[in-house]
1. Within segment 557-568, is even one residue more than 28 Å from Tyr336 (Cα to Cα) and either touching a Leu at 6+ places or on another chain (Cβ under 8 Å) or not in a loop (DSSP other than H, G, I, E, B) (or both)?
2. Would you check if there is a residue in segment 330-340 being at negative phi, in contact with a Gly (Cβ under 6 Å, 6 or more places away or on another chain) and not assigned by TED's automatic domain parsing to the domain that holds Asp473?
3. When you scan segment 499-511, do you find a residue that is without any contact (Cβ under 8 Å) to a residue 24 or more places away in the chain and either closer than 30 Å to Arg705 by Cβ or part of a strand (DSSP E or B) (or both), even just one?
4. Does any residue of segment 398-417 turn out to be at pLDDT below 95, buried (at least 22 other Cβ atoms within 10 Å of the Cβ) and among the polar types (S, T, N, Q)?
5. Looking at segment 687-701 only, could you name the residues that are touching a Ser or Thr at 6+ places or on another chain (Cβ under 7 Å) and not basic (Lys, Arg)?
6. Here is a list: Tyr214, Tyr182. Which entry is crowded, with 21+ Cβ neighbours inside 10 Å and part of a loop (DSSP other than H, G, I, E, B)?
7. Where the second residue is of a type in the set (S, T, N, Q) and in a loop (DSSP other than H, G, I, E, B) and the first is within 20 Å of Thr451 (Cβ to Cβ) and lies in segment 386-408, which pairs have Cβ atoms under 7 Å and are six or more apart or on separate chains?
8. Return the residue satisfying two criteria in turn: it lies in segment 333-348 and is touching a residue at least 60 places away in the same chain (Cβ under 8 Å) and under 24 Å from the mean Cα position of the chain (by Cα), and of such residues it is nearest to Val217 (Cα to Cα).
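The values are calculated or read from the model by the stated rules, or taken from the named source; none is laboratory data. Just so you know, these numbers come straight off a predicted model, no measurement behind them. Note: ideal-geometry Cβ built from the backbone for every residue, glycine included; neighbour counts use all protein chains shown.
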Amino acid sequence: MTAKLIRLSSILLLFPFLLTAQDITGEWQGVLDIQGVKLRLVLHVESGADGYTATLDRPDQQAYGLPVPEFSFEIPDMRFAVPNLKAVYEGQVNRSFTEVKGTFTQGGMSMPLNLGREKLGIADEDMAWIQENYAKKEMYITMRDGAKLFTSIYYPRDTTRSYPILMWRTPYSCSPYGEEEYTFRLKFYKHLMDDGYIFVLQDVRGKYMSEGEYVNVRPFIPNKRSPKQVDDNSDTFDSIDWLVGNLPNNNGKVGILGISYPGFYSTMALPEAHPALKAASPQAPVTDWFIGDDFHHNGAFFVMDAFSFFSSFGKPRPEPTTEGAPRFDWPVKDNYQFFLDAGPIKNLNKLYLHDSIAFWNDLMAHPNYDDWWKARNPRPHLKKITPAVMTVGGWFDAEDSFGPLAVYKAIETQNPPSTQNRLVMGPWYHGQWAAGDGEKLGNVQYGFNTTEHYKGLEDQFFKYYLHGDGGMDIPEASIFVTGANEWQGFDTWPPANATPQKLYFQAGGGLSFEAPRGRSSYDEYVSDPMKPVPYTEDVHLQRTREYMTDDQRFAARRPDVMVYQTPVLKEDVTFTGPLIANLYVSTTGTDADYVVKLVDVFPDKMEDYPENEKNVPMGGYQMMVRGEIMRGRFRNSFEKPEPFKPNEVTQVRFVIPDIAHTFKAGHRIMIQVQNSWFPLVDRNPQKFVDIYNCSEEDFQKATHRIYHDTAHASFMEVQVLK
């Protein structure tokens, strides 16, 4: 009798689905929120003799009837994939078949997407205005060596006046292709389009629809003597030359901008620049992939980003195509477990890449800062700069927070004072200034839209140098000071009125501006490569963009993380500019990584934010302000690594990228020190071996000491703003 009741109750639970299962067919609508930009998706589902078929519309991108080759539905799970878009959706339908709640994943980014029966009818006024006021033309521009680069041109329909040209060169495709198809990226620059520009998007050499061979961070060739000597500088020069000579209604002035890798191409336009190039804005520019951007920081390999990126981006493209390479199919959704199970770095190639990624092999072949790496550093070539430059970056850019500061400083130190060189740094993740409102990052909120101010700066910059309109009152450095949560302008960066001071580690976990007085004082702990310190508390597949402001309480509670903090501050203190970590350490091993994190500890009784999606208690929150790693073997030279002598006190000193942060009264300043940051960074075996080719047997536990006595005072040097 009991079994019959159980079976009957199961049938009753399924009954609502069984009654309405056929209603999965029809139209489903939803809205994706991509960094603050809302994009509609419309899914059309039909049922036939061979099962379900589906198509997808993207009205905001003027794309309709896209085939959905992979669609499945098994109560209550709906799944579809669009390989051409590298997109996958997984969700569950409710009992009434009126809503599907799920997740849309594209390009490594996962976003919530709920599909409903109701027609949303969201009016996209920006795209409608752009299509009404701009026409599109596609063409190839021939370079000096004969290679043809695919170029999309969006030009004002009003031909009664002339316009400057604004370029964006990209390895990520200037899609959608077709002169009736408009890229939604134009929406991010509506504030510029209002002034009137000819927008030029170009697939760089060897990517997507452009001819030629693609080379990652292609070295700059100075004083070229042959048409066969080409680089990203010459391709930009040749493109500008053709554009100003052939596009109707251009005023002879050109600007260039781009975020991330396109930021690198903006930087590469600056040496030996075309005379028509009057303004450039490298934004989060890739600058040095060994010292501080993307894939290495101070020689430590950022394995998670490198593998995720190059497993797709690095695949060969034998001929021009409108489609990108397929994404890596992750076997698990826990990146910590995936990289730990993979074992030594060499296994990633053996198990998954199979020598198919040439640049991955290049990375493995160049573990030190040799001539191959130095040739890919554009900073030495940023001399005799003639265009005005406004470099843009985010304090919490997980990919390229090093690059914008490095580009600005290279121009500043290698050019005369008359060079128009500006810096903008905001409280943003990678590219957030272009596509989001910047009101918060992760659990940390700023209280207002931080990108509005920036867009005003960008508008003024290009209007002044390309249109010749308006004045120029943008400060040398426009800086958002986190903690205080306000924009400030400075005549120089770092500010001239900041003075260096030292925060000394103390016995018992103290931190003070006074030097320690004790003798033979140290903290001792064990670091185990088989149980590395995670970079974030949550479980994820892809590296999170929010980790740079994450709560560090989870790390502070581990025995292999050393913690030093001040008493409660009685008044505000603001740090601006670079930090310097100066550690006195010893280890029982022959190599080690050192991760140093500067943390803002919120008051214990701080109230939670009104909108706190994760319900994280903000009382006692440990906000990471800046974290950086040094691979210990490079402590004296990036070119010539050297081992540690076991148990010998050794100085490890390194620069940590700039900050602008106010520690408010009532807060504490904390510094955390650890030896792993996984899987953000690969594991150091703690043995002086070739890490890229070592074996599992090379990984060993090590006992570490951090010294804080009179003879060996460990400290962080900060710049205190007066």
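1. First, pick out the residues of segment 557-568 that are more than 28 Å from Tyr336 (Cα to Cα): 565-568.
Then drop every residue that is not either touching a Leu at 6+ places or on another chain (Cβ under 8 Å) or not in a loop (DSSP other than H, G, I, E, B) (or both), which leaves 565-566.
For segment 557-568, residues more than 28 Å from Tyr336 (Cα to Cα) and either touching a Leu at 6+ places or on another chain (Cβ under 8 Å) or not in a loop (DSSP other than H, G, I, E, B) (or both): present.
2. No, the conditions are met nowhere in segment 330-340.
3. Among the residues of segment 499-511, at least one is without any contact (Cβ under 8 Å) to a residue 24 or more places away in the chain and either closer than 30 Å to Arg705 by Cβ or part of a strand (DSSP E or B) (or both), which makes the answer yes.
4. No, because not a single residue in segment 398-417 is at pLDDT below 95, buried (at least 22 other Cβ atoms within 10 Å of the Cβ) and among the polar types (S, T, N, Q).
5. Phe688
6. Working: Tyr214 fails: crowded, with 21+ Cβ neighbours inside 10 Å.
Among Tyr214, Tyr182, only Tyr182 is crowded, with 21+ Cβ neighbours inside 10 Å and part of a loop (DSSP other than H, G, I, E, B).
7. Listed by first residue and then by second, the contacts come to Gly393/Ser401; Gly394/Ser401; Trp395/Ser401; Glu399/Ser260; Asp400/Ser260; Gly403/Thr287.
8. Ile345
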